[in-house]
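Student: Below you will find the structure I want to go over with you.
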Amino acid sequence: TSSGIGIPIVSSEKTEYLLGGAGNIASNLISFSKQVYCFGNIAPDYFGSKMISMMKDQRIQYINKDSKNKRTGIRRRIYIESEQVLRLDYDCKEQLDVKKLKAFLKKTTVLHVLIQHQLNGFVPFLCF
């Protein structure tokens, strides 16, 4: 614990990055489909770059790269001996740009649409 105030200190041994929410679903869908598109708000910050890189690695195409969001919504989980003891939420407050989504849908042949809009999630996404 921290000296004097009794607050626990957790020493970080490793950091792991995973796509959550609809990003995770998109990761699963790519094995069944030639194309998976994600439409959402990802900020031009470290976590946004990390997410876009992870999606590229999995052949998931990301739409709406020019989001004006200042911060990518993330969930940080703290584990002690494989047990989650704390979750820190960094939320994205920006609404999805419905006009951009409609324009994308008009010019794209989409067979399946999965919509997950979760303002308090890892990141708000619409996945195709």
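Student: Using a 7 Å offset from Cα along Cα-Cβ at Arg77, what residues in region 14-38 end up with backbone N under 15 Å from the label point?
Tutor: Inside the label zone: 14-25.
Student: Assuming R0 = 30 Å, can you tell me the calculated FRET efficiency for the pair Lys70 and Leu105, based on Cβ-Cβ distance, to the nearest 0.05?
Tutor: About 0.65, to the nearest 0.05.
Student: Counting other Cβ atoms within 10 Å, keep those with at most 12, restrict to DSSP loop, and tell me which chymotrypsin sites (Phe, Trp or Tyr not before Pro) in region 1-61 are left. Working shown, then result.
Tutor: Numbers: sites: Tyr17, Phe32, Tyr37, Phe39, Tyr46, Phe47; in loops: Tyr17, Phe32.
Here the sparse-neighbourhood loop sites are Tyr17, Phe32.
Student: List, in order, the whole-Hz ³J(HN,Hα) value for each residue of region 41-50 obtained from phi through the Karplus relation with A = 6.51, B = -1.76, C = 1.60 and θ = phi - 60°; use x for Gly and Pro.
Tutor: Using θ = phi - 60°, the values come out as 10, 10, 6, x, 10, 4, 5, x, 4, 4 Hz.
Any read-out appearing in this document is the output of simple, stated calculations on the displayed coordinates, not a laboratory observation. Just so it is clear, the model here is predicted, and its values are computed rather than measured. Note that we place each Cβ from the backbone using ideal geometry, even for glycine, and neighbour counts take in every protein chain shown.
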